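**Q** Please find one structure pasted underneath; my questions will follow.
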Amino acid sequence: MERHAEISNADIMFILENTWDKSRPEWLLADENERRQTLEFIRNRLRSTQNDGYSKIWRTEEGEPIGILGAYKIDILRYETFFICSKHMETHSLKLSFDMRNILKDLALQYKGFALGQYAESHRTDQSSWFRFLGFTYKPEGNVANRHYYEFASS
C-alpha cells in the first residue's frame, strides 16, 4: 500500500483554489489569506501523518490533484483524519470512495484495536451516508456543536 506520497504546496493550493463545491463549506477559503491559513493547516496535518500515520494523494490522468487523505495519531490507539478534494472529485468520487474503503480495511489489519475519528457537518446527510459506506459508525457522544462524530474501529 502506497503511503506518504509526495504532496506539494502546489498540490494543496490547486485543491484550495479549485475545491469541490460539496466540500467548500468545510474549509476556510473565502480569500487569499484564508487559503494560506488552510494551506498551513493541511501542511501541519500532513507533517503529523509522517509519524505512525497515513497520507495519500489521488491525481487525474493529467496529474492534477483530485483529493488528499490523511490520518494522524492523537492518542495511543486513536487517530483523526482529514480529506480535502478538488473539483475533479465530481467525476472521480466513486473510485476514490472504493479506494478509501479498501485503504481502511487494509489499515484495520495493520493497526489492530485502533479507532479513527472524523467529523461531519450535522446538516450534511450525504456525508453521513458516505461515512457509513466507508465503514464508520455514528458516535453521538463525540459530537461537537453542529458537527457529528463518526468513528472507524478495527477489531
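The values are calculated or read from the model by the stated rules, or taken from the named source; none is laboratory data. All values reported here derive from a predicted model rather than from experimental measurement. All Cβ positions, glycine included, derive from the backbone under ideal geometry; neighbour counts span all protein chains shown.
**Q** Going through 114, 152 one at a time, which residue ends up being in contact with a Leu (Cβ under 6 Å, 6 or more places away or on another chain), farther than 30 Å from residue 64 by Cβ and touching a residue at least 12 places away in the same chain (Cβ under 8 Å)?
**A** None of the others qualify; the one that does is 114.
**Q** How about region 29-67: which of its residues are in contact with an Asp or Glu (Cβ under 7 Å, 6 or more places away or on another chain) and aliphatic (A, V, I, L, M)?
**A** Answer for region 29-67, where residues must be in contact with an Asp or Glu (Cβ under 7 Å, 6 or more places away or on another chain) and aliphatic (A, V, I, L, M): just 57.
**Q** Being among the basic types (Lys, Arg), over 15 Å from residue 26 (Cβ atoms) and touching a residue at least 40 places away in the same chain (Cβ under 8 Å) narrows it down to one of 139, 95, 73, 56, so name that one.
**A** 56
**Q** Follow-up question, since we're still on this one. Mind checking which residues of region 23-41 are of a type outside the set (Asp, Glu) and under 21 Å from residue 7 (Cβ atoms)?
**A** 23, 24, 27, 28, 29, 35, 36, 37, 38, 39, 41
**Q** Conditions: (1) within 23 Å of residue 138 (Cβ to Cβ); (2) at pLDDT 95 or above. Residue 84 meets all but one. Number of the miss?
**A** Of the numbered conditions (1) within 23 Å of residue 138 (Cβ to Cβ); (2) at pLDDT 95 or above, the odd one out for residue 84 is (2).
**Q** Specify which of the listed residues (118, 127) is part of a strand (DSSP E or B), surrounded by 18 or more Cβ atoms within 10 Å (Cβ to Cβ) and modelled with pLDDT under 90.
**A** Going through 118, 127 in turn, just one is part of a strand (DSSP E or B), surrounded by 18 or more Cβ atoms within 10 Å (Cβ to Cβ) and modelled with pLDDT under 90: 118.
**Q** Which of the numbered conditions does residue 47 fail, given that it passes all the others? Conditions: (1) more than 26 Å from residue 105 (Cα to Cα); (2) modelled with pLDDT of 90 or more.
**A** Just one mismatch for residue 47, condition (1).
**Q** Would you confirm whether or not region 54-64 contains a residue that is modelled with pLDDT under 90 and within 14 Å of the chain's Cα centre (by Cα)?
**A** yes
**Q** Conditions first: (1) within 20 Å of residue 100 (Cβ to Cβ); (2) touching a strand residue (DSSP E or B) at 6+ places or on another chain (Cβ under 8 Å); (3) free of Cβ contacts under 8 Å to residues at least 24 places away in the same chain. Residue 61 passes all but one, so which condition is the exception?
**A** Tallying (1) within 20 Å of residue 100 (Cβ to Cβ); (2) touching a strand residue (DSSP E or B) at 6+ places or on another chain (Cβ under 8 Å); (3) free of Cβ contacts under 8 Å to residues at least 24 places away in the same chain, residue 61 fails exactly one: (2).
**Q** Quick one: which strands (runs of 3 or more DSSP E) lie wholly within region 1-104 and hold at least 3 residues that are surrounded by 12 or more Cβ atoms within 10 Å (Cβ to Cβ), touching a Phe, Trp or Tyr at 6+ places or on another chain (Cβ under 6 Å) and hydrophobic (A, V, I, L, M, F, W, C)? Full working, then the answer.
**A** On the way: elements: 54-59, 65-75, 78-85.
Of the strands (runs of 3 or more DSSP E) lying wholly inside region 1-104, those with at least 3 residues that are surrounded by 12 or more Cβ atoms within 10 Å (Cβ to Cβ), touching a Phe, Trp or Tyr at 6+ places or on another chain (Cβ under 6 Å) and hydrophobic (A, V, I, L, M, F, W, C) span 65-75.
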